[in-house]
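For reference, the structure is listed below as structure tokens.
Please treat every number below as a calculation from the coordinates, not as lab data. Not measured: the values here are computed from a predicted model. As a convention, Cβ positions derive from the backbone with ideal geometry for all residues, glycine included, and neighbour counts pool all protein chains shown.
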Amino acid sequence: MDKIKTILLFGAPGSGKGTQGKMLGTLPGFRHLACGDVFRSIDLNSEVGKVFLQYSSKGELVPDDFTVRLWREHIDKLIHTGAFRPESTALVLDGIPRNVHQARMLDQYIEVVKLVALRATHDREEMVRRLKSRALKENRLDDANEKTIAHRLEVYDRESRPVLEYYPERLCVDVDALQSPIEVAHDILSAILGRTQELHAIELPAVASTK
Ligand code: ADP
């Protein structure tokens, strides 16, 4: 199978990857998949669900082999049922890869055509505020208290941030995640279409590139 053309949405917890990924996923030619949503779609009483809860409730990453296997099975199912057609659709991934080891493991399945880094860590208070408000709305254990949030932000700095150096610089674009959601969306679309300085339009599957 050809590698899946993929746009990575990257950023700390609370940077808005999910909001922006969902927005992109509504556009023809794009399919959004959040790794956290794959986990949350599992029955939390099942063995797999329990493993997820064991780590996520402490703000830890779920082990890599387990995560990538689950992600892969989910993608396979989407392709198999026709819900995702990689030949005509670009994949918008958020929440994976979350460390360099996962990035290496994914290399055999995906071709990263753009990495959008949502930058917001310079305003930590805003990130914490966003996560706490999400915890209330979405009933998320991992955002429920400040200690877990702080730990998640540390894990991001230590394990996830190095992923930015793993991919070639020409694929990476920074977007200020503290703007309004519509401004962030504008910048992401500009980056994807190659309309910001020195960026070249990425080669997307046929449907995505027809206007
Ligand atoms: P956020 O959007 O706040 O960054 P996610 O919804 O992506 O959070 O993930 C929630 C939790 O699920 C994480 O804290 C982690 O425990 C687990 N998780 C999600 N994606 C991964 C991944 N790629 N590798 C390991 N654990 C993951």
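Take the conditions crowded, with 17+ Cβ neighbours inside 10 Å and either under 23 Å from Glu146 (Cα atoms) or touching a helix residue (DSSP H, G or I) at 6+ places or on another chain (Cβ under 7 Å) (or both) and apply them to Arg40. Does it pass? Taking the combined requirement at face value, the residue does not satisfy it.
Every residue, every condition in (1) of a type in the set (S, T, N, Q); (2) touching a Phe, Trp or Tyr at 6+ places or on another chain (Cβ under 8 Å); (3) without any contact (Cβ under 8 Å) to a residue 24 or more places away in the chain; (4) near the ligand (Cβ under 8 Å from one of its atoms), yes or no:
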residue: Lys3; (1), (2), (3), (4): no, yes, no, no
residue: Phe30; (1), (2), (3), (4): no, no, no, no
residue: Asp43; (1), (2), (3), (4): no, no, yes, no
residue: Ser46; (1), (2), (3), (4): yes, no, yes, no
residue: Gln54; (1), (2), (3), (4): yes, no, yes, no
residue: Ile75; (1), (2), (3), (4): no, yes, no, no
residue: Ser88; (1), (2), (3), (4): yes, no, no, no
residue: Val113; (1), (2), (3), (4): no, no, no, no
residue: Ala117; (1), (2), (3), (4): no, yes, no, no
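For Leu93, the conditions (1) assigned to a strand (DSSP E or B); (2) more than 13 Å from the ligand (Cβ to nearest atom); (3) aliphatic (A, V, I, L, M) are fulfilled apart from (2). Once segment 5-28 is narrowed to residues that are part of a loop (DSSP other than H, G, I, E, B) and aliphatic (A, V, I, L, M), the residue that is nearest to the ligand (Cβ to nearest atom) is Ala12.
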